[in-house]
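Here's the structure we're looking at; comments come further down.
The values are calculated or read from the model by the stated rules, or taken from the named source; none is laboratory data. In this text, all values refer to a predicted model and were calculated from it rather than measured experimentally. Reconstructed Cβ throughout: ideal geometry from the backbone, glycine too, with neighbour counts over all protein chains shown. To get the accessible areas, we keep the full protein, side chains included, count just its heavy atoms, and leave off ligands, DNA and RNA. Shrake-Rupley method; radii C 1.70, N 1.55, O 1.52, S 1.80 Å.
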Amino acid sequence: MKIDELEKRLLAVADASQAQPMKAYMKNNFDFLGVRTPDRRKVARQFFKEFKSQGIDWDFVAACWSKPYREFQYIAIDYLVTKKKDLVLADLPRLKELAQTKSWWDSIDGLDKLVGKI
């Protein structure tokens, strides 16, 4: 999937005035673009429809996880939720790595649901 296209779409709905309050809410552990959850989910749903992939695109997940803005980690989790039927036991190490990288309660909550699904 085209991460640059996703970033353009997120920037189009970002409210820079919200970035600092979002960062403060997360104890300044992560930078934010300022995209509110409903807007992020709307962008993600449309993006996922246009860039369908067979199975799980782990390169896309890794690309999102490597981005500095927290919205990308949320989108990676949203993407994995759409692919939860494709998750198998062999994916647990990948999910563990995500949980141990850039981890905070928000990402752990999302990943925990995926691990529970497996």
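Go through PHE72, PHE32 for me and flag whichever is within 14 Å of LYS2 (Cα to Cα) and of a type in the set (A, V, I, L, M, F, W, C).
When all the criteria are applied, what remains is PHE72.
Filter region 25-57 down to the residues that are more than 16 Å from PHE72 (Cα to Cα) and open to solvent by 80 Å² or more (accessible area, probe 1.4 Å) and list them by number.
Selection gives TYR25, LYS27, ASN28, LYS49, GLU50, LYS52, GLN54.
Contact list please: Cβ distance under 9 Å, first residue in region 13-24 and basic (Lys, Arg), second residue open to solvent by less than 50 Å² (accessible area, probe 1.4 Å) and in a helix (DSSP H, G or I), pairs at least six apart or on different chains.
Final answer for the pair search is LYS23/ARG70.
Give region 13-24 a look and list any residue that's open to solvent by 50 Å² or more (accessible area, probe 1.4 Å), within 18 Å of ARG41 (Cβ to Cβ) and over 17 Å from the mean Cα position of the chain (by Cα), or say none.
Within region 13-24, ASP15 is the sole residue that qualifies.
Could you check region 74-112 and list, in sequence order, the residues that are in contact (Cβ under 8 Å) with a residue 40 or more places away in the chain and either farther than 23 Å from MET22 by Cα or open to solvent by less than 70 Å² (accessible area, probe 1.4 Å) (or both)?
Matches in region 74-112: ILE75, LYS102, ASP106.
For region 26-58, how many residues are aliphatic (A, V, I, L, M) and not in a loop (DSSP other than H, G, I, E, B)?
Selection size over region 26-58: 2.
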